[in-house]
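Each remark here refers to the structure printed beneath this line.
The values are calculated or read from the model by the stated rules, or taken from the named source; none is laboratory data. Given the structure is predicted, the values throughout are model-derived calculations rather than measurements. So basically every Cβ, Gly included, is an ideal-geometry build from the backbone, and we count neighbours across all protein chains shown.
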Amino acid sequence: MQIQYNTQRLSMRFFMLMLVLFVFQAGFGLLLAAQQADPMLLAGIINFNVVRAEHLNLGLLWILAGFIGAILFVGPLLSKRELASPWLIKFLFYALVVTIVWNVGTQYLAMEGTAGWWAGQPWLQEGLEYIEAGRAADLVILIGFSILAYVVLRTFPPVSEWNEIHWGLGIGVVALTVVWVFGLFYIPTIDMQEYFRWFVVHYWVEGVWEVIHISLVGMLLVLLFKVDVKSVGFAVFWGVLLVWLSGLIGNAHHYFWIGTPEFWQFWGSLFSALEPLPLIFCFWHVYLDAHQNRKPIENAPAFYFILGSVVLEQVGAGILGFTMTFALTNVWSHGTWITPAHGHLALFGTFGMLGIGAAYYAVPVMRKALDFDQRLGKLAFWLLFTGMLGIALAFALGGTVQIYAYRTLGLEWFGGDVFPIMGIYKMLVPVAGLLFTLGVGILVFDLVTLGKRVRSLAGAGETEPLVSHSPHGWAKPLTGYEASMWLTGMWLFGAIITLGLLSFNLHMVRVEGNPILPYVLAGIGYPGLLLITVLFVWRFLASLEARASAPMRLGEAALAPA
Amino acid sequence: MSCADGKNCNEAKKRRRGIIVLGLMIMIFIILSGFSFLGSRGRANPDAISFGAHQAADGKRVFQAYNCMGCHTMVGNGAYLAPDLTKEYTTAGPAWLAAFLPSAAGWPTEAAVRTQLTNSDVAADAGVDNIEDYYKKFPGARERVERRGGGTTLMPNLAFSSDEVGQLIAFMKYSAAMNTEGWPPEVKTGSLERRLALLNGGSHMLATATAASAPVAEGASATPADPVARGEELTKEYACTACHALDDKRMVGPGWGGLYGSRVKLADGSTVTADDTYLIDAVIAPDKQIVEGFPPGVMPKYDTLLKDDDVKAIVAYIKSLEKP
């Protein structure tokens, strides 16, 4: 694999920008975790709300930078020609950098209550979760999205020649721009403001990013495993359609308690319960595609992160999302730490890991370093993966006791009643966060210096176990039956978690105030789900590693240094 | 699961059907959305809700300008560091909020809440003018004053102007008026004592009881003979520092450091010396002489709340504060 089109190289700067933003986002995240544990930390110097705004905004921005990088890298391959108007892409990059710096700066103004009101709009910062950026930055971002959509559509072949991946990415980049527009107006009522805020947040994630995600996963699997575009196309079409069929009305799960009518509880509970379907579908296809042939994986880190993306999409978005999507469970989980447990796994897992996976695929190709030392990438994967699962576990368990103290007992003194009982979980967030941050450091070091480091002879290439006979035990090939058993196991724990949240409605808990049932169910459900997730990924990767036969590895390594 | 080559699985037809169903979903969603915002539903309207002269609609802009949602939640959305504010007005009421917001780093004492009730706007909004009735109407305020009053909070002081405080209260009055369809769920676990006992198995109840009684005991027990010490105590009890800095910084009102004996320029153009008479007047009848650059009607009148000796003690305390 080598670069076929020169403009593919434009993706490099976006991947590097992604890494820089990721470092800052993780840094702000660690600070937030420390402030959760000690709310007085840096109070008055940089308040929690400012740090959180930076953490959320940078999180969205680095995911977008990763998407743009991946789209630019595969765009020419999909179109069999160079990108249209590369100068626009360069302009987009600098505009993005300036906007990010500007936005990071203006968020600080919330400390003194400056929003920059002019013509009825907040121009400097908006103070709404996820869309904190002020109108000035919003408009530049709108122009940026328009540029991306224009370049992608101009680069693609005529519509009559489009396959499903073209359609997915084409619709994705246009919808990215269109959906953003709903966040560009100041709305004076809370219910309508929240209604449209979720247009941006939910439809971006569920309607647009998911579509880009499915298309990119499809394309990367084609590149990694050389699978049939047609079978991937089938998965992409039905994946996207299922996402929309469930997610369109599924948005109603955000409209339960914001002042909109009760009927949303019915529609939201019904349709968002279907939202995991496309994720199961996508998950299953990754299994099929990865096991289509017995060739060794050439680029293990890239596949690790793509697998991580699909699995965490299943666990974070699919299962944890499902547990809290019913009106009867959401009435308890809403507005507690249960929500960030889902949010962190779903957002970083699904979209963040995809961007990193794409970077691991593209960067070695662009640097002509296909024989790069894959050990650091694998280590970074395991640290990020387990670190994020640990963060989610801390949020989920902390959220469960928070529901009991705050909702069941109605004790609303956070400093005096709610925090003390959440204490141990508040400490667990920064601990898991440190593990994650270590992973960020190794990942960034590896990707930035990949192909530029002096390779030590002993450590070069893979240190695969030399499997001469057919592998057995933990590393034996994963059958479809076994994979479906793992998936069933995950959903079983998901069901336990759901029952745990439901049990807050029981007389025993709600009136008598006995939390034993929800505590036990959460205590089994969350750790069980996260443990089985780790084991499954370990098992999946072990079965793939095992098929790497030593002679092919050596032959490849001998060819590569060019 | 996929359609293999050569097999006829009517793929094109299935896909068309799928897209038609999607169109149906879009229609359902649009219809439901239309119903949600019909005028006849009687949604709470921020333009029709006010607190004194302050509009809820303005309060929403203040709420966003300080990114309150970055720590608190509103209708359950936002960060999860601090409590949900949707029903805060119903819980604690306007007088407690007016006492709390100017200096959010400290929990208001009963004296501070009572002071706010002397403000006719606050009393009119609360619908009661004495603290006993207020506690009956807003039981959350009593719980907070008794358990937390005089202690420090985990919220940083924000530089709200007096207008912004009023606007935020109006905004929370609006959010409390919204129909959130039964969220947050009603608490059914009984009395506060029972709920605290459930939380920490009884030991906690003792701890909070001591914590709550501590500041009260301190204030009520020995009245110090030294007027400066007494003034300092009263300053704490009445949360004067919610609006006045102990150095010469301007907060909601003028700073106290070095104020005594200085020349003060008034709004009517004249200049006076800040002596005992002036400062006593400033406490018991603040609108008589308004300092230049400060709006009238912000500082409550303490004539009925404080005894003459207490006012003198506070003035003595002010006198003891030097410019840094």
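I need the full set of residues from the range A:95-112 which are in contact (Cβ under 8 Å) with a residue 24 or more places away in the chain and closer than 18 Å to B:C71 by Cα, in order please.
A:V104, A:T106, A:Q107, A:Y108, A:A110, A:M111
With the range A:257-333 as the region, which helices (runs of 4 or more DSSP H) entirely inside it contain at least 2 residues that are β-branched (V, I, T) and farther than 26 Å from B:G34 by Cα? Steps first, please.
Details: elements: A:263-272, A:276-290, A:300-312, A:327-333.
Once the helices (runs of 4 or more DSSP H) in the range A:257-333 are filtered for at least 2 residues that are β-branched (V, I, T) and farther than 26 Å from B:G34 by Cα, what remains is A:276-290, A:300-312.
Within the range A:218-227, identify whether any single residue is under 29 Å from B:T180 (Cβ atoms) and not β-branched (V, I, T), and answer yes or no.
Our first condition is that a residue be under 29 Å from B:T180 (Cβ atoms); within the range A:218-227, this holds for none.
Looking for residues that are under 29 Å from B:T180 (Cβ atoms) and not β-branched (V, I, T), one finds none in the range A:218-227, hence no.
Quick check, is A:G343 in a helix (DSSP H, G or I), within 13 Å of the chain's Cα centre (by Cα), of a type in the set (G, A, S) and within 14 Å of another protein chain (Cβ to nearest Cβ)? Break it down into steps so the answer makes sense when it comes.
Working: in a helix (DSSP H, G or I): yes; within 13 Å of the chain's Cα centre (by Cα): yes; of a type in the set (G, A, S): yes; within 14 Å of another protein chain (Cβ to nearest Cβ): yes.
Here the answer is yes, as A:G343 does meet what is asked.
Here's the yes/no breakdown for (1) crowded, with 20+ Cβ neighbours inside 10 Å; (2) at the interface with chain A (Cβ under 7 Å from one of its Cβ atoms); (3) over 28 Å from A:G127 (Cβ atoms); (4) free of Cβ contacts under 8 Å to residues at least 60 places away in the same chain:
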site: B:M25; (1), (2), (3), (4): no, yes, yes, yes
site: B:N77; (1), (2), (3), (4): yes, yes, no, yes
site: B:A95; (1), (2), (3), (4): yes, no, no, yes
site: B:S103; (1), (2), (3), (4): yes, no, no, no
site: B:G127; (1), (2), (3), (4): no, no, yes, yes
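Restricting attention to the range B:181-190, does a residue exist that is surrounded by fewer than 20 Cβ atoms within 10 Å (Cβ to Cβ), under 13 Å from the mean Cα position of the chain (by Cα) and outside the structural domain of B:D303 (by TED's automatic domain parsing)?
no
Tally time: how many residues in the range B:239-276 are among the aliphatic types (A, V, I, L, M), farther than 15 Å from B:I314 by Cβ and in contact with an Asp or Glu (Cβ under 9 Å, 6 or more places away or on another chain)?
The total comes to 3.
So, B:R61, is that one facing chain A (nearest Cβ under 9 Å), more than 30 Å from A:V50 (Cα to Cα) and basic (K, R) or not?
Details: facing chain A (nearest Cβ under 9 Å): yes; more than 30 Å from A:V50 (Cα to Cα): no; basic (K, R): yes.
So B:R61 fails the test.
Residue by residue, here is whether (1) surrounded by fewer than 24 Cβ atoms within 10 Å (Cβ to Cβ); (2) within 14 Å of chain B (Cβ to nearest Cβ); (3) farther than 18 Å from A:M219 by Cα holds:
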site	(1), (2), (3)
A:Y5	yes, no, no
A:F15	no, no, no
A:G27	yes, no, yes
A:A37	yes, yes, yes
A:L42	yes, yes, yes
A:W87	yes, no, yes
A:L96	yes, no, yes
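When the residues of the range A:108-154 are narrowed to those that are out of contact with any Lys or Arg (no Cβ under 7 Å at 6 or more places or on another chain) and part of a strand (DSSP E or B), which ends up surrounded by the fewest Cβ atoms within 10 Å (Cβ to Cβ)?
A:W118
So for the range A:177-197 (the condition being within 28 Å of A:G127 (Cβ to Cβ), basic (K, R) and either over 22 Å from the mean Cα position of the chain (by Cα) or within 14 Å of another protein chain (Cβ to nearest Cβ) (or both)), does at least one residue qualify? Explain how you work it out, then say what you get.
Step one: of the range A:177-197, the residues within 28 Å of A:G127 (Cβ to Cβ) are A:177-197.
Those left that are additionally basic (K, R): A:197.
Checking which are either over 22 Å from the mean Cα position of the chain (by Cα) or within 14 Å of another protein chain (Cβ to nearest Cβ) (or both) leaves us with A:197.
The answer is yes, given that some residue of the range A:177-197 is within 28 Å of A:G127 (Cβ to Cβ), basic (K, R) and either over 22 Å from the mean Cα position of the chain (by Cα) or within 14 Å of another protein chain (Cβ to nearest Cβ) (or both).
Do we find that A:S309 is of a type in the set (G, A, S) and within 21 Å of A:H213 (Cβ to Cβ) in this structure?
Numbers: of a type in the set (G, A, S): yes; within 21 Å of A:H213 (Cβ to Cβ): yes.
Against the criterion (of a type in the set (G, A, S) and within 21 Å of A:H213 (Cβ to Cβ)), A:S309 qualifies.
Report the residue count in the range A:505-547 for those that are under 22 Å from A:L428 (Cβ atoms), touching a residue at least 40 places away in the same chain (Cβ under 8 Å), within 14 Å of chain B (Cβ to nearest Cβ) and not in a loop (DSSP other than H, G, I, E, B).
2
Among the listed residues A:I424, A:I356, A:I403, which satisfies the condition of being buried (at least 21 other Cβ atoms within 10 Å of the Cβ), β-branched (V, I, T) and either farther than 26 Å from A:V286 by Cα or touching a Ser or Thr at 6+ places or on another chain (Cβ under 7 Å) (or both)? Before the answer, list the steps.
Values: A:I424 fails: buried (at least 21 other Cβ atoms within 10 Å of the Cβ); A:I356 fails: either farther than 26 Å from A:V286 by Cα or touching a Ser or Thr at 6+ places or on another chain (Cβ under 7 Å) (or both).
Checking each option against the conditions leaves just A:I403.
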